[in-house]
1. Can you say whether Asp96 is over 15 Å from Val131 (Cα atoms) and either charged (D, E, K, R) or in contact with a strand residue (DSSP E or B) (Cβ under 9 Å, 6 or more places away or on another chain) (or both), as far as the supplied structure shows?
2. So in the stretch 101-156, with the set limited to residues that are of a type in the set (Val, Ile, Thr) and assigned to a helix (DSSP H, G or I), which one is most open to solvent (accessible area, probe 1.4 Å)?
3. Go through (1) under 15 Å from the mean Cα position of the chain (by Cα); (2) crowded, with 22+ Cβ neighbours inside 10 Å one by one and return the number of the condition Ala89 breaks.
4. Quick check: is even one residue across the stretch 142-156 closer than 22 Å to Ala49 by Cα and at pLDDT 95 or above?
5. Of the residues Val63, Val52, only one is closer than 21 Å to Asp92 by Cα and at pLDDT 90 or above; which?
6. Here is a check on your reading of the model: is Val94 more than 21 Å from Ala59 (Cα to Cα) and open to solvent by 40 Å² or more (accessible area, probe 1.4 Å)?
7. Which of the residues spanning the stretch 157-199 are open to solvent by 30 Å² or more (accessible area, probe 1.4 Å) and of a type in the set (Lys, Arg)?
8. When Gly31 is evaluated against the numbered criteria (1) out of contact with any helix residue (DSSP H, G or I) (no Cβ under 6 Å at 6 or more places or on another chain); (2) in a helix (DSSP H, G or I), which criterion, by number, is the only one it fails?
Amino acid sequence: MPKPKFDFEAFLRRAFRQPLDAVAGFLMKLGISPDCVTLFGLAGTIAAACLVASGRLLAGGAVMAVMAPLDAVDGALARKKGVAGKFGAFLDSVVDRYDEMFLLAGVLYHFQSQANTLGVMLTYAALCGSVLVSYTRARAEGLGFSGKTGIFSRIERTIVLILGLLVNQLLVSVGIIAILANITAIQRIASVWQQSKVE
């Protein structure tokens with residue numbers, strides 16, 4: 001098995017555990033389910049994608065900065081309610097993929113409307129890399145291998161994209177994602193190949 005890498009997402013969940021639990025406790029009192037939080041986050045991401053597509057990058061970034069933490073809130077709420085189950089985890093993972101695809105679709109439309117060919121190509125490469133990072137992990141784990149290796153997981157991609165929107169450096173952030181996401185996918189392919197040799 002490969003040596004586990006530093007899990008940035010797990011670190012953030014531990015660092016912000018208290019505020020996440022506080023928000024989850026408040027939502028639980030309101031009778032809101034974890035799946036509703038997940039789907040609300042998706043609706044917020046679609047709204048952010050529409051803002052980005054229309055050229056309102058700062059507003060889109062601000063909405064995403066608010067929506068992104070909901071991915072941790074739904075899990076905290078599920079644990080508090082004692083309803084953490086397989087379907088909730090499945091729905092959360094699927095919505096994560098839709099979140100990323102919708103947002104990058106908004107970015108792609110923005111660059112296309114600006115006739116920015118480089119931006120369009122980098123966004124397409126970023127989308128391909130993001131999908132492959134998720135797929136290589138899912139396929140590896142489905143075959144019994146470890147699939148969490150690599151330098152650039154979804155949380156890092158989300159942070160880089162939000163920062164790019166907020167500081168009006170979208171082309172730079174998409175370029176970073178395009179390069180590092182595809183490197184991560186290649187790292188996972190190499191990791192599975194190494195694991196397969198010692199079976």
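1. Answer is no for this residue.
2. Selected residue: Thr117.
3. (2)
4. No, there is no match, as no residue in the stretch 142-156 is closer than 22 Å to Ala49 by Cα and at pLDDT 95 or above.
5. Val63
6. yes
7. Lys197
8. Here Gly31 clears every test but (2).
The values are calculated or read from the model by the stated rules, or taken from the named source; none is laboratory data. Here the structure is a predicted model, which means the values were calculated and not measured. As a convention, Cβ positions derive from the backbone with ideal geometry for all residues, glycine included, and neighbour counts pool all protein chains shown. Ligands, DNA and RNA are excluded from the accessible area calculation, which covers all protein heavy atoms including side chains. Shrake-Rupley method; radii C 1.70, N 1.55, O 1.52, S 1.80 Å.
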